[in-house]
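A.B. asks: Below you will find the structure I want to go over with you.
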Amino acid sequence: MTRFRWKRLLITVGALLLSLTLLTGIALAAVLFTVDTSARKTVYAPGETVNVDVVLNLADGQASAALGGIQIDLAYDSDLFTYESVSAEDISFVADAADDVPAADATVDSFLVVNNDSANSVVHLVYVNAALEALGGDALFTVNFKLSETAADGATGTFTVNTDGAYDTAAALVSGTDQTDKTFTITVEKPKGLLGDVNLDKKVNSTDAVMVLQASVKLITLSELQTTLADVNFDGKLNSTDAVRILQYAVKLITEFK
């Protein structure tokens, strides 16, 4: 891999976005969808993963949206947050390193290029729907940050979103999709209960592990406090990994969650 491939990939994706603009100039399409960037929760415990979702919202009566591409700048408070990764299950190629390029024979239906500009505490994201297929309303991708484990109780940190707007698959800029200095705030709150004690009985045992599994498949709904106490590996998700760690703690195979 040569050191210039990252630049070439950025130019390629940029050219795709530029081509969308040039096809129809600066014509504004009618509002068919919006693209919203926000955190899943407003309160996080120290050490938790903060999930910032970029979501495609459909207009009333729309079954799908013709999103062609969007570029987003997501600024973050580096005193509290550290960029970790991007999750993008439905995007065929994600480049978040300088030497990430598709294989020569790869079929790429969509691109996401990610550049964490740590010096300026901004994550630059460029998404292109290369297949130009209609998309359902859902999270396009998720930007994951680690909240400092030493964050003080009650501390707050902000994220700021900027985008000139999204293009539809007919190459028109969609009105209402731009965001200028949209800011949302995260508050740090240390758990007020015993980590792993999901049923709040002041004990950590198999009952708590079972509740985690039930919540992970949506058989039960946990409160915000219960969810915080259940996420014992601090990845922002509830699944079998948390249940196993709780059982390990219960039988003293481990003495702390980390």
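The values are calculated or read from the model by the stated rules, or taken from the named source; none is laboratory data. All of these numbers come straight from a predicted model, not from anything done at the bench. All Cβ positions, even for glycine, are placed from backbone atoms using ideal geometry, and neighbour counts span all protein chains on display.
A.B. asks: Quick one: in region 32-50, which of the residues that are over 23 Å from PRO191 (Cβ atoms) and hydrophobic (A, V, I, L, M, F, W, C) is modelled with the highest pLDDT?
C.D. replies: Filtering first and then ranking leaves VAL35.
Here is a yes/no grid of residues against (1) out of contact with any Lys or Arg (no Cβ under 7 Å at 6 or more places or on another chain); (2) more than 15 Å from GLY137 (Cα to Cα); (3) modelled with pLDDT of 90 or more:
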{"residue": "LEU9", "(1), (2), (3)": "yes, yes, no"}
{"residue": "LEU20", "(1), (2), (3)": "yes, yes, no"}
{"residue": "ALA30", "(1), (2), (3)": "yes, yes, no"}
{"residue": "ASN57", "(1), (2), (3)": "yes, no, yes"}
{"residue": "TYR83", "(1), (2), (3)": "yes, yes, yes"}
{"residue": "ALA97", "(1), (2), (3)": "yes, yes, no"}
{"residue": "PRO102", "(1), (2), (3)": "yes, yes, no"}
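A.B. asks: Identify all residues within region 222-258 that are more than 12 Å from VAL204 (Cα to Cα) and of a type in the set (Gly, Ala, Ser); write none if there are none.
C.D. replies: SER223, GLY236, SER240
A.B. asks: Can you pull out the residues in region 233-258 that are part of a loop (DSSP other than H, G, I, E, B) and either over 17 Å from GLY193 (Cα atoms) or within 20 Å of the chain's Cα centre (by Cα) (or both)?
C.D. replies: Across region 233-258, the qualifying residues are ASN233, PHE234, ASP235, GLY236, LYS237, LEU238, ASN239, VAL251, LYS252, LEU253, ILE254.
A.B. asks: What pairs come out if I take residues in region 242-258 that are surrounded by fewer than 20 Cβ atoms within 10 Å (Cβ to Cβ) and pair them with residues that are in a helix (DSSP H, G or I) and among the hydrophobic types (A, V, I, L, M, F, W, C) whose C-beta lies under 7 Å away, six or more apart or interchain?
C.D. replies: LEU247/ALA209
A.B. asks: Do we have THR228 as surrounded by 15 or more Cβ atoms within 10 Å (Cβ to Cβ) and β-branched (Val, Ile, Thr) here?
C.D. replies: The answer is yes for THR228.
A.B. asks: Within region 72-169, which strands (runs of 3 or more DSSP E) (wholly inside it) include 3 or more residues that are buried (at least 17 other Cβ atoms within 10 Å of the Cβ) and of a type outside the set (Ser, Thr, Tyr)? Give the steps one after another, and end with the answer.
C.D. replies: Values: elements: 81-87, 93-95, 111-117, 122-128, 139-147, 156-163, 166-168.
Of the strands (runs of 3 or more DSSP E) lying wholly inside region 72-169, those with at least 3 residues that are buried (at least 17 other Cβ atoms within 10 Å of the Cβ) and of a type outside the set (Ser, Thr, Tyr) span 93-95, 111-117, 122-128, 139-147, 156-163.
A.B. asks: Let me ask another. What's the number of the condition LEU80 fails, among (1) over 20 Å from GLY47 (Cα atoms); (2) touching a residue at least 24 places away in the same chain (Cβ under 8 Å)?
C.D. replies: Going through the list (1) over 20 Å from GLY47 (Cα atoms); (2) touching a residue at least 24 places away in the same chain (Cβ under 8 Å), LEU80 breaks only (1).
A.B. asks: Please enumerate the residues belonging to region 170-227 that are outside any loop (DSSP other than H, G, I, E, B) and among the charged types (D, E, K, R).
C.D. replies: ASP181, LYS182, ASP208, GLU224
A.B. asks: Kindly indicate whether SER64 is in contact with a strand residue (DSSP E or B) (Cβ under 9 Å, 6 or more places away or on another chain), of a type in the set (Gly, Ala, Ser) and farther than 30 Å from ALA155 by Cα.
C.D. replies: In short, yes.
A.B. asks: Quick check on region 169-223: of everything there that is in contact with a strand residue (DSSP E or B) (Cβ under 7 Å, 6 or more places away or on another chain) and of a type in the set (Asp, Glu), which residue is modelled with the lowest pLDDT?
C.D. replies: This residue is GLU189.
A.B. asks: Kindly check whether there is at least one residue in region 182-192 that is hydrophobic (A, V, I, L, M, F, W, C) and in contact with a Leu (Cβ under 9 Å, 6 or more places away or on another chain).
C.D. replies: Yes; the residues of region 182-192 include at least one that is hydrophobic (A, V, I, L, M, F, W, C) and in contact with a Leu (Cβ under 9 Å, 6 or more places away or on another chain).
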